[in-house]
Amino acid sequence: MPDPTNAEIAALLDELGDLYELDGAIIHRVTAYRNAAKAVRDATTSIAARVRAGTVTEIPGIGKTLEEKLVALVETGEIPATVKLRAKFPAGLVQMTRLPGLGPKRARKLFDELGIDSLDALRTAAESQSLRAVKGFGPKFEATVLAALDAGAGEAPRGRVPLHDALAIAEPVLAALREHPASERVELAGSARRWVDSVKDLDIIATASDPAALAQAFAELDLLESAGGIGDAGARGRTHSGLSIDLKIVAPAQFGNLLQHFTGSKQHNVALREAAVKRGLHVSEYGVTDDATGETHHCETEAEVYALLGLPYIEPELRENRGELARDFVAPTLVTVEDLRGDLHSHTTASDGHGTIREMAQAALALGHEYLAVTDHSASHGFGNDVSPKELVAHMAAVRRVSDELDGITLLAGSEVNILTDGTLDYEDDLLAQLDWVVASVHTSFAMTAQEMTDRIVRAIEHPLVDAIGHPTGRLIEQRAAYALDMDAIIEAAARTGTFLEINGSPRRRDLHDVHARAAVDAGVKLIISSDAHRTTTLDNKRWGVATARRAGLGPDAIANTLPLDELLALRAGRR
DNA sequence: GCCGTTTTCGGCCCGACTGTTTTCAGTCG
């Protein structure tokens, strides 16, 4: 029986929280399960391994009781409490709690009094107007619940939008608002400001000389399909693609409070407020109130909010309650796009790219890069985009020729080599030895066991001619989960051999993601941030990789391609 | 169920909204 992954354990803890909530447990106990689930999801090492080692209670939010449940899970594959409660509450009941206006308390009431235990049963009861017989339920609720069921609510959670797509909408909206004569300050808030992988909606915070005029201008944007709630406080809109955008307009004196509140995360804000209460302060979106004086401080900037609480300014990317509010937290200097001196993963027309070597090189030069590795796909890539060994020899020569002809940038003749199912590579070693830079990646056969996939990638990591592992987990945001993999083993192997791990900057990938990037650096692995550009315009994909590194709390020191080329190559020289 | 520069017990963020109520519990973000 394979160990459960952190994601699987987190899902089980969330489910157990839901079940206890239906069972009428006090909310703080339920919250404890949800906090634990979040902690497990964000953990940088294998929880199952920590359970075996007896160190799992070192993770904040996991105490003695949860440890016992996790021990049972790891040893027997199930948690007795879950088994018991699943028998008590049908799965449909949990689904019902996802409907608007129907939380655990009210769903439980319908279950107890009318025996409703599924979305179908709920629909039938609503249609026959029998819900209104229960105290606390009326005709309005019957109508709302039918509308929600017709809209497909409760079945599957509505998909989140990759940040790349959401920002493509947010940026023109922000620009339009900033250009409007009535606007003063306009900032993106919400999870998008924290540069998460994908978002549910967008939040914009503004101050304005004429709030109603700005709200009206927002509502009339062509990007919006509809808008409502238009007034002095802002407006809410919905784009043609179905993304909600909330504009909140506030007095300048409270701009910092509102921006801080709506940037979140929720977990960060809860922890922040708990810490404030211990200092006799109460934080809300409107201000910081002092118990002793009864006075409420308004803050024009976020920095003032944090300063009032005795905290350093915390970058939005770090606001996840992953230790940024700890007493000993030192605000790190986070890596920026400007810190990157070069790019170590790009494609040309030799494989599936859309730019020539020269076009890609000139675009990279225009971005200020000192070096660019041209890493076209290898011999087994397929789709007619493979580069045969013979073609690779000619391609290397062409790359070096262009490199010689251009001033200000050095091109590395590289390859993105396929890691075959057995962990071998699809070029012979004598050919690989002629390359300046080798990225090895998995592009086929994702459906292996975790052990097989781990062995496969570790073998590539251990290959002395492999410099870096590309998009190590293979995930596509909101599209495809990472393949089963023992990330601790991957990180250990990379640290042991000095192989770089990539944070792939493609906005669909951002792979490694932040939790694993953090774990890798803590284990002594050097990372690179790459664009994986397939055309000149996507060379700036590195911004997404930088965002992921910032969310991991990483500074320039953790990223090898912040170094000049000679130092970067020296770092790798020990291996070749 | 977790946790401790107030605590090993008694706390555990904050405010708005909603539909249903005669004063508010539950839900939501």
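Is it possible to state the helix-based mean residue ellipticity at 222 nm for chain A, with each DSSP H run of 4+ residues giving -39500 (n - 2.57), the sum divided by total residues, to the nearest 500 deg cm²/dmol? What is it? Write down the numbers at each step before the final one.
Working: 23 runs with 242 residues, N = 576.
Value at 222 nm, helices only: -12500 deg cm²/dmol.
Set against the 2.2 N^0.38 Å expectation for a compact globular protein, segment A:451-517 has a Cα radius of gyration ratio of 1.05.
Counting every Cα pair in chain A, what percent are over 29 Å apart? The partial results should precede the final answer.
Working: 104331 of 165600 pairs.
Above the 29 Å cut-off, chain A has 63 percent of its Cα pairs.
Taking every DSSP beta bridge that has both ends in segment A:461-576, the antiparallel portion is near 20%. Highest average first, the peptides A:382-394, A:300-312 ordered by how many other beta carbon atoms sit within 10 Å of their residues are A:300-312, A:382-394. I'd like the distance between the alpha-carbon centres of segment A:174-240 and segment A:264-313, rounded to an integer number of Å. That distance is 25 Å. In order along segment A:220-226, the Karplus-derived 3J(HN,Hα) couplings, from 6.51 cos²θ - 1.76 cosθ + 1.60 at θ = phi - 60°, round to 8, 4, 4, 5, 8, 7, 7 Hz, and Gly and Pro are given as x. Annotation for segment A:462-522 versus segment A:91-140: alpha-carbon center distance of 45 Å.
The ranking of A:Val374, A:Val74 by Cβ neighbour count inside 10 Å, starting from the fewest, reads A:Val74, A:Val374. Packing, taken as the mean count of other beta carbons within 10 Å per residue, orders the peptides A:488-496, A:548-556, A:283-291 from highest to lowest as A:548-556, A:488-496, A:283-291. Volume of the convex hull of segment A:91-150 (Cα atoms only), normalised per residue: 69 Å³.
List the equivalent ellipsoid semi-axes of segment A:6-88 in whole Å, largest first, each obtained as the square root of 5λ for an eigenvalue λ of the Cα gyration tensor. Intermediate results must be reported in sequence, preceding the final value.
On the way: eigenvalues 79, 40, 22 Å².
Whole-Å semi-axes of the equivalent ellipsoid: 20, 14, 10.
Dipole magnitude for chain A: computed about the Cα centre from +1 point charges on Lys and Arg Cβ and -1 point charges on Asp and Glu Cβ, it is near 1700 debye.
Take every Cα pair under 8 Å whose residues are at least 6 apart in sequence, average their separation, divide by the length of chain A, and the relative contact order is 9 percent. Both numbers refer to the Cα atoms of segment A:52-167; Rg and Dmax are 19.2, 56 Å.
Can you tell me the equivalent ellipsoid semi-axes for segment A:346-487? Use √(5λ) from the Cα gyration tensor, largest first, whole Å. Numbers along the way, then the final one.
Numbers: eigenvalues 153, 54, 37 Å².
That gives 28, 17, 14 Å for the three semi-axes.
With the contact rule set at Cα under 8 Å and sequence spacing of 6 or more, what percent relative contact order holds for segment A:91-150? Please report the intermediate quantities before stating the final value.
Numbers: 55 pairs, mean separation 19.7, N = 60.
With pairs under 8 Å counted, the relative contact order is 33 percent.
Readers should treat all values here as calculations from the given coordinates under stated rules, not as data from a laboratory. Quantities reported herein were computed from a predicted structural model and do not represent experimental measurements. Please note: Cβ atoms are built from the backbone with ideal geometry, for glycine as well, and neighbour counts cover all protein chains shown.
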